[in-house]
Structure formats: C-alpha cells, structure tokens
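These notes concern the structure reproduced below.
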Amino acid sequence: MSVNIVAFGNERDSFSEDNQQPSLIWSYLRRSALVSRIDSSLSASHVGNPVFTEYQACVFGNVRLVVHDCPVWDIFDSDWYTSRSLIGGADIIVIKYSVNDKTSFQELKDGYVPMIKKASNHCSVPVIISAIGARKTGVSCTCPLCTSDRRSCVTTSEGVQLAKELGATYLELHALNDFYVQKYFGGVLEYFMIQTLNQKSSEKMKKRKKMQKCHRVQPPQLEQPEKMPILKGEASHYNADLHNLLCCCQCADVAFYPEDLSSVVEAHKIILCSVSHLFMLLFEVKTPADIRDASIVRTARSLFSVEAGDPSPPAPRGIPPCVPPVRVVVKDSVFCSCLPDILHFIYSGAFQWERLEEDIKKKLKDPEKTEHVLEKVKCILKTPGKVNTVKDCRSHQIKRLYNTSLRLFFNTPVLADVIFKIQGATVPAHRAVLVARCEVMAAMFNASILQAMSLLICAEMYQVMRLQHICELYIITQLQSMPSRELASTSLSIVSLLKKAKFHNSDCLSTWLLHFIATNYLIFSQKPEFQDLSVEERNFVEMHRWPSNLYLKQLADYRNYVHSQKCHCTVM
C-alpha cells in the first residue's frame with residue numbers, strides 16, 4: 001500500500017540572501033521517526049532548475065510514501081498535463097509559501113489555486129496550507145517605480161481566508177525546527193496519512209468481498225472488435241502550425257494597411273489577442289477600464305486606427321455569410337515596414353526576441369529607428385501595470401506569455417466563430433486555431449467525403465503523397481464520426497469507396513474500410529452493395545465480423561436458458 005503526496009510552492013524568501021535553507025518536505029522526512037528509508041531523484045528540468053523532486057520513503061514499517069515536491073509554480077505553464085496528472089493521483093496536497101513574499105502568495109492565490117481546484121479529481125483530498133517563516137517588519141519602498149508590496153508580509157487572515165476557499169487545514173511554521181516540522185506539521189500530515197490508509201484498506205476489503213461472491217450464470221461477454229489499423233501520429237508542431245497559418249492566410253480576419261493603402265498584411269484576431277492586451281483593446285475584447293494602463297491605451301491609439309468596413313451583402317440560403325477582414329491602418333510608417341517580421345515573431349511563439357532584433361536591424365540599418373520599433377513591440381507585449389525591460393522580453397515574461405496565451409480563449413465565446421453542439425451542450429471554438437492545428441479540420445471546412453476521394457485520386461495521379469495521406473485521414477475521421485443510424489440510412493456506398501481506394505493504390509484506406517465493414521457487419525450485410533464484395537473481401541469480412549457468430553450463438557443459448565423452466569425467480 002502507498003500514500004502519494006504532492007507539494008507545491010516555495011517556502012524560501014526569494015528576496016532573502018539565505019537560499020540554502022532546507023525545504024519543508026525534506027526537513028520532515030529527515031526528522032520523522034516514522035521514516036526508515038529515503039530515496040530522492042530530480043525529474044525533468046525547467047530552465048536549468050528541477051521542476052519537481054521525487055522522494056520515496058518507507059513509513060509505518062511497510063507503507064510506501066511517494067512525494068512530488070514542486071517548488072516552481074511554472075510547472076503549470078510549462079507542463080500542464082504533468083501537473084494535472086500529479087494532482088489527480090494525489091492522496092494529500094501540501095501548499096507552502098513564505099510569509100515574507102507577498103508577490104508569490106498573490107500569484108498562488110490568483111493564478112494557481114483555481115488551477116489546483118480544476119485539476120483535483122477528488123473533492124475529498126485533504127489539503128494542508130503551510131505559511132513558513134517569521135514575518136519581517138521592514139518598511140517597504142513607497143517609490144511609484146517600485147513594486148511596493150514585494151516585501152510586505154502575508155498576514156494570518158489572508159492565509160486563513162485562502163484555506164477556507166480550498167477547504168484546507170492552515171498551519172503557521174515560524175521556523176523549520178523539530179517542534180514545527182516534526183510535531184506540528186508532521187502530526188497533521190501523519191493524521192491525514194492514517195486516514196488515507198484506512199480508506200484504501202476499506203476499499204480493498206470491499207473489492208475482495210465482491211470478488212468472493214458466489215458465481216452464477218452470466219450472460220456471454222461480447223468481445224471487442226479487432227483493432228482497425230490506424231495511422232501513426234506525429235510529434236507536436238505548435239510553433240510551425242501557427243507560423244504556417246500566417247503564411248497561408250487562411251481564415252484571416254484582420255488586414256493591416258499603411259496610410260497610403262499601398263499594401264496589405266493579413267493576420268488573425270485570436271492569435272494577436274492571445275499575446276497582447278493592446279490588440280484586445282484594439283478589437284474590443286477589453287475596454288480601457290479593464291486594462292487600466294495608460295501607456296497601452298496611448299500606444300494603441302497612436303499606432304493603429306480601425307476602419308469600419310462596409311456591411312457584407314447577404315449570402316445565398318445555405319451558404320455561410322462572408323465576413324470581410326477588419327481593416328487596420330498602421331499610422332507609423334517605420335513600424336509598418338517591419339510588421340511582417342513582427343507578426344512572424346508573434347506567430348512563432350513570441351519568444352525569439354534576439355532573432356526579431358537581428359531582423360529589424362538588418363531591415364532598417366538605423367539604430368534609432370530600430371530602437372523605436374522595438375519599444376513599440378515591447379508595449380504591444382506589455383502586461384498591464386508592469387514595466388517592460390529588455391531582460392523580461394528575452395526570458396521569463398515572453399516564455400510565460402507563450403505558454404499561457406491561447407488558453408485564455410479556451411471554451412469561451414470571445415472571438416469564437418465555430419460552435420460544436422454535443423448532446424445539447426455547445427462548445428465555442430476558433431476556426432483559425434482549428435485550421436492551423438488540425439489538417440482534418442482544415443479540410444472539413446472546405447470538403448465532403450466524395451470530394452476528398454476525388455482529391456485523393458488526383459493526388460495519387462500526380463504522386464502528391466502528403467495530400468493523399470490527408471485525404472485518407474479525413475475520410476476515416478468522417479466515417480468514424482457517423483452514428484449507426486446515419487450509417488444505416490446513408491446513400492454513400494462504402495463498398496464503392498473501397499473499390500476506388502484499391503484501384504488508386506490507397507492501401508491504408510482500403511485496409512481500414514474492410515475493417516470498418518467487418519466491425520459494422522450487421523449494418524452493411526443488409527445493404528445491396530454488400531453483394532459487390534469480392535470472394536476474398538467477403539471471406540475477410542466474415543472472419544473478422546463483429547459481433548462474431550460464436551457470440552450470437554452463446555447469446556441465443558443464454559436467452560433460451562433464461563426463459564426455460566430451469567431458471568425460476570428466487571423472489572416469487
């Protein structure tokens with residue numbers, strides 16, 4: 001039996017010179033009398049520092065204790081899926097912070113506690129909030145250029161309020177000594193460990209009793225159909241996908257013009273707004289009152305001008321209306337000349353600052369103009385209420401912006417132009433992102449199965465193998481998404497698709513279609529087109545049909561048994 005503990009946060013004061021003090025978890029493991037053995041290892045690194053440290057120990061004699069200590073909050077930005085899986089598998093969650101680091105506490109409260117709530121699968125998982133350190137009474141700087149609350153202390157009432165929001169146990173540890181670590185923190189932690197072990201032991205006993213129940217006649221088990229061949233996936237190409245979206249300009253809804261309207265550069269609102277509060281203001285996603293930063297408002301008004309376009313004529317019935325791109329005039333001619341490079345920088349993830357500097361220097365060949373354009377870009381990427389520096393643009397700020405950008409518009413109607421309807425629920429999405437990240441989605445907005453097959457034939461004729469692969473994937477995805485009722489009533493001939501796929505050397509699609517017919521045997525065997533299968537194809541389908549003949553025979557025998565006189569109701 002094991003207990004999994006996940007600890008988040010940094011108990012060290014980041015503004016103190018003493019960075020060598022031990023962590024809370026390590027201090028507990030070293031001091032606790034319950035721990036008989038400790039193994040530790042550092043997991044994947046993040047900007048040179050460990051994202052989390054894994055400890056394994058033995059407690060209560062033979063209980064395995066596994067601890068993941070994550071001192072860097074950036075794990076939520078850099079690897080959301082890892083952090084979510086850690087929280088989902090946790091038996092106990094420990095959140096720790098320094099009482100002398102108000103900025104870190106505020107970031108924890110506003111940004112990461114909601115994520116922890118969302119990632120936690122079990123409402124009953126106990127949470128311990130540990131406020132660590134003795135509060136310093138130094139007077140903070142009142143200069144408006146400084147972040148005056150950095151050295152202000154986190155009060156007890158603030159920590160208690162956070163504990164109430166999470167339903168957590170709140171502890172204050174003034175020092176990492178024997179009393180506070182072993183007796184105070186350790187006592188609470190060990191109590192929850194015992195509760196967890198009792199719960200797991202109870203669940204294990206219930207499962208054992210269930211397995212020991214008397215066996216009775218069971219209906220035959222319907223075996224799963226044989227797995228159909230699938231296409232091998234590829235690694236993520238997030239940066240390249242968005243960059244290609246800019247290059248092809250598909251689904252573009254923004255057009256940038258110089259003041260003389262001599263040229264045009266197209267872009268997408270969703271991508272621009274995801275990395276910039278200035279573009280949110282420009283496209284009315286936010287108001288000046290929401291942003292509360294005069295420098296961003298001034299830059300937006302001095303740099304851009306949005307022109308009201310003429311209303312588009314009504315589209316014919318059944319055809320979606322054509323919405324013209326929003327026309328944006330760039331008032332700064334020097335900035336406008338560098339706009340393609342700036343957009344490439346934004347679409348490539350907005351973290352290759354040094355490359356953007358080099359590209360603008362080569363284009364302008366004037367230090368003053370180069371600095372002027374770079375300052376405008378910094379203001380575009382600026383976080384409201386903060387002062388931008390070159391160091392920020394080159395490191396943490398841009399990387400963090402890149403990791404959290406499109407997440408701001410996930411599952412929200414803001415700028416959404418696609419609605420998915422799923423069992424009465426609606427899920428908003430953005431066409432530009434779908435087209436950029438999914439080739440099937442890109443084809444779905446412009447093709448049908450028969451059109452995709454026609455395109456596949458042309459691709460095979462001219463040996464454009466990648467296009468042929470895309471058509472195959474689209475056809476497979478469309479057929480898989482069809483419910484059984486639609487599949488039974490459709491006039492589309494799957495056997496005809498199979499013949500065409502074989503004739504045009506689409507081995508992957510033809511193999512998949514044979515499995516598809518076999519898997520849906522009860523539907524296709526009733527269609528006239530089923531007779532058009534060759535002897536070899538018919539033999540394959542009969543051999544791999546689902547449900548199998550054996551299952552149907554077992555089911556018939558079971559039904560006869562249930563309705564026979566040998567089976568009587570034990571109640572009546």
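The values are calculated or read from the model by the stated rules, or taken from the named source; none is laboratory data. What you see is a predicted model, and the numbers here were worked out from it, not measured in a lab. Cβ atoms come from the backbone with ideal geometry, glycine included; neighbour counts cover every protein chain shown. In case anyone asks, the SASA skips ligands and DNA or RNA and just uses the protein heavy atoms, side chains included. Shrake-Rupley method; radii C 1.70, N 1.55, O 1.52, S 1.80 Å.
One table, with the values for the structure above:
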| item | result |
| --- | --- |
| Single residue of I38, I25, I5 found to be at pLDDT 70 or above, surrounded by fewer than 20 Cβ atoms within 10 Å (Cβ to Cβ) and either more than 22 Å from I128 (Cα to Cα) or not basic (K, R) (or both) | I38 |
| Filter result for the condition that a residue is at pLDDT below 90 and either among the basic types (K, R) or loosely packed, with under 14 Cβ neighbours inside 10 Å (or both), over S489, S496 | S489 |
| Filter pass, V67 being at pLDDT 85 or above, among the β-branched types (V, I, T), surrounded by 20 or more Cβ atoms within 10 Å (Cβ to Cβ) and in contact with a Cys (Cβ under 6 Å, 6 or more places away or on another chain) | no |
| Residue in the stretch 390-405 that is at pLDDT 70 or above and open to solvent by less than 70 Å² (accessible area, probe 1.4 Å) present | no |
| So S124, is it modelled with pLDDT under 85 and either of a type in the set (V, I, T) or over 12 Å from L162 (Cα atoms) (or both) | yes |
| Pairs with Cβ under 6 Å, 6+ apart, first in the stretch 485-510 and farther than 19 Å from L467 by Cα, second at pLDDT 85 or above and part of a helix (DSSP H, G or I) | L487/I523; A488/I523; S493/E529; V495/E529; V495/D532 |
| Condition met for L381 (in contact with a helix residue (DSSP H, G or I) (Cβ under 8 Å, 6 or more places away or on another chain), open to solvent by less than 50 Å² (accessible area, probe 1.4 Å) and modelled with pLDDT of 90 or more) | no |
| Positions within the stretch 348-374 being out of contact with any Asp or Glu (no Cβ under 9 Å at 6 or more places or on another chain) and farther than 27 Å from Y238 by Cα, in sequence order | K361, K362, L364, K365, D366, P367, E368, K369, E371 |
| Residue list for the stretch 254-287, filter: buried (at least 19 other Cβ atoms within 10 Å of the Cβ) and closer than 20 Å to S337 by Cβ | V254, F256, V265, A267, L272, S276, L278, F279, L282 |
| Residues that are in a helix (DSSP H, G or I) and surrounded by 13 or more Cβ atoms within 10 Å (Cβ to Cβ), drawn from the stretch 288-298 | P288, I291, S295, I296, V297 |
| Residues located in the stretch 503-538, provided they are open to solvent by 90 Å² or more (accessible area, probe 1.4 Å) and farther than 22 Å from S491 by Cα | N505, D507, V535, E536 |
| Residue count, the stretch 25-40 (criterion: of a type in the set (V, I, T) and in a helix (DSSP H, G or I)) | 1 |
| Near pairs, Cβ below 9 angstrom, 6+ apart or cross-chain, from the stretch 166-191 (over 21 Å from V154 (Cα atoms) and modelled with pLDDT under 85) to any residue that is assigned to a loop (DSSP other than H, G, I, E, B) and open to solvent by less than 40 Å² (accessible area, probe 1.4 Å) | Q182/S32 |
| Check on A518, touching a residue at least 12 places away in the same chain (Cβ under 8 Å) and either in a loop (DSSP other than H, G, I, E, B) or of a type outside the set (A, V, I, L, M, F, W, C) (or both) | no |
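This table checks each residue for (1) modelled with pLDDT of 85 or more; (2) farther than 15 Å from C379 by Cα; (3) over 31 Å from the mean Cα position of the chain (by Cα); (4) open to solvent by less than 90 Å² (accessible area, probe 1.4 Å).
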| residue | (1), (2), (3), (4) |
| --- | --- |
| A300 | yes, no, no, yes |
| P316 | no, yes, yes, yes |
| V323 | no, yes, no, no |
| C338 | yes, yes, yes, yes |
| I342 | yes, no, no, yes |
| I360 | yes, yes, yes, yes |
